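The values are calculated or read from the model by the stated rules, or taken from the named source; none is laboratory data. The structure presented is a predicted model; accordingly, all values stated were derived computationally and were not measured. Cβ coordinates were reconstructed from backbone atoms using ideal geometry, including for glycine residues, and neighbour counts include every protein chain displayed. Only protein heavy atoms, including side chains, enter the accessible area calculation; ligands, DNA and RNA are left aside. Shrake-Rupley method; radii C 1.70, N 1.55, O 1.52, S 1.80 Å.
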Amino acid sequence: MNAAPEVLAVLTDILAAVEDGERGALWNLSEGGRELDANLVWLPAGAEVGEHQEDVLDVFLVVLEGGGTVKAAGGRELGLEAGAVLWLPRTSRRALVAGPDGLGYLTVHRRRPGLAISAPSAAYEGGEGPCMLDRVCPECGRLSQDPAPVFCSRCGERFPER
């Protein structure tokens, strides 16, 4: 059976309903069988998503409301305003800072493959793997590739202090 197109959300309505102090992922694409992930993220005035790097996926970012700045490699700063479209190539380091009116944006990327259990390699010598719970985002549950994450690269939530 073929899937049928459908309206999943009206992002401008979701952004219009943001309450003071609210931040992070407001909506995400969660339908089964999809090949994409998408997140609507809101950062209030002055809030930031600290410097991070996505090692596996390119990310497409569209600014829907407000504005701000992307801090890129080499101290380069890119101004953001409603309607701006950015390509964030995998392995690029970047940080986002919301302007005085906040920053509402949509990110889209290939869906991450699910975690799979595989047979250990011949070099496996036993013992437990390291606990990585401190690398799991408390907001969206994404496992960070960064060994000492400060902000989640998916939803922008700050990790607890260590």
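Any idea which of 122, 95 is over 29 Å from residue 28 (Cα atoms), small (Gly, Ala, Ser) and either open to solvent by 90 Å² or more (accessible area, probe 1.4 Å) or modelled with pLDDT of 70 or more (or both)? Of the residues listed, the single one that is over 29 Å from residue 28 (Cα atoms), small (Gly, Ala, Ser) and either open to solvent by 90 Å² or more (accessible area, probe 1.4 Å) or modelled with pLDDT of 70 or more (or both) is 122. Residues that are at pLDDT 95 or above and surrounded by fewer than 14 Cβ atoms within 10 Å (Cβ to Cβ): does segment 17-38 have at least one? Yes, because at least one residue in segment 17-38 is at pLDDT 95 or above and surrounded by fewer than 14 Cβ atoms within 10 Å (Cβ to Cβ). Listed here are the strands (runs of 3 or more DSSP E) enclosed by segment 1-59 that have at least 3 residues being in contact (Cβ under 8 Å) with a residue 24 or more places away in the chain and either farther than 11 Å from residue 106 by Cα or β-branched (Val, Ile, Thr) (or both): 36-43, 48-53.
On the phi < 0 side of the Ramachandran plot, without any contact (Cβ under 8 Å) to a residue 40 or more places away in the chain and outside any loop (DSSP other than H, G, I, E, B), is that true of residue 63? Considered against the rule, which asks whether it is on the phi < 0 side of the Ramachandran plot, without any contact (Cβ under 8 Å) to a residue 40 or more places away in the chain and outside any loop (DSSP other than H, G, I, E, B), residue 63 comes out as no. Scanning segment 63-76 for residues that are open to solvent by 40 Å² or more (accessible area, probe 1.4 Å) and either modelled with pLDDT under 95 or within 20 Å of residue 146 (Cα to Cα) (or both) turns up 71, 73, 74, 75, 76.
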